Amino acid sequence: MSVFIAISIVDTWALMFQFEWLVYDISVAYYKTPWKLSFYMATCKLMVWVKTASQICSAYFVLLFTLERFISVRFPLKRASICTRRRISIAIISIVVVALLMTTYELYFYETYHRGTAS
């Protein structure tokens, strides 16, 4: 169950930045002021970092879920002792930390283009 919650959270983060144009259009239409996080270089880099880390986390969470399902089918009587809530939580936290560390290069090396927006 906790793997599904983790997948839903990181998938939301991974897709949220692809619909930033919608927030921009709504802010211009209703408030007459453009609001776009990618106008600023620091937030642009941060958005790309979060999006990339979320995509990596999502893939590994699906792998974790598949592994847990395999254990449930292959070893149905041992599943409760192998896939405890603590071990699954440790695996989820480990995946998030490793994904964030793996993508830290984007904070430094990611180039920004016209008016601070990344492409």
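At 0.36 nm per residue, minus the direct Cα-Cα distance, what do VAL98 and TYR110 gain on full extension? Give it in nm, one decimal, please.
Between VAL98 and TYR110, full extension yields 2.4 nm more.
For a protection proxy built on the mean count of beta-carbon atoms within 10 angstrom, sort 79-91, 55-67 highest first, please.
55-67, 79-91
None of the figures in this text is laboratory data; all of them are computed from the coordinates on show. Please read all numbers here as calculations on a predicted model, not as lab measurements. Neighbour counts are summed over all protein chains in view; Cβ atoms, including those assigned to glycine, are modelled from backbone coordinates with ideal geometry.
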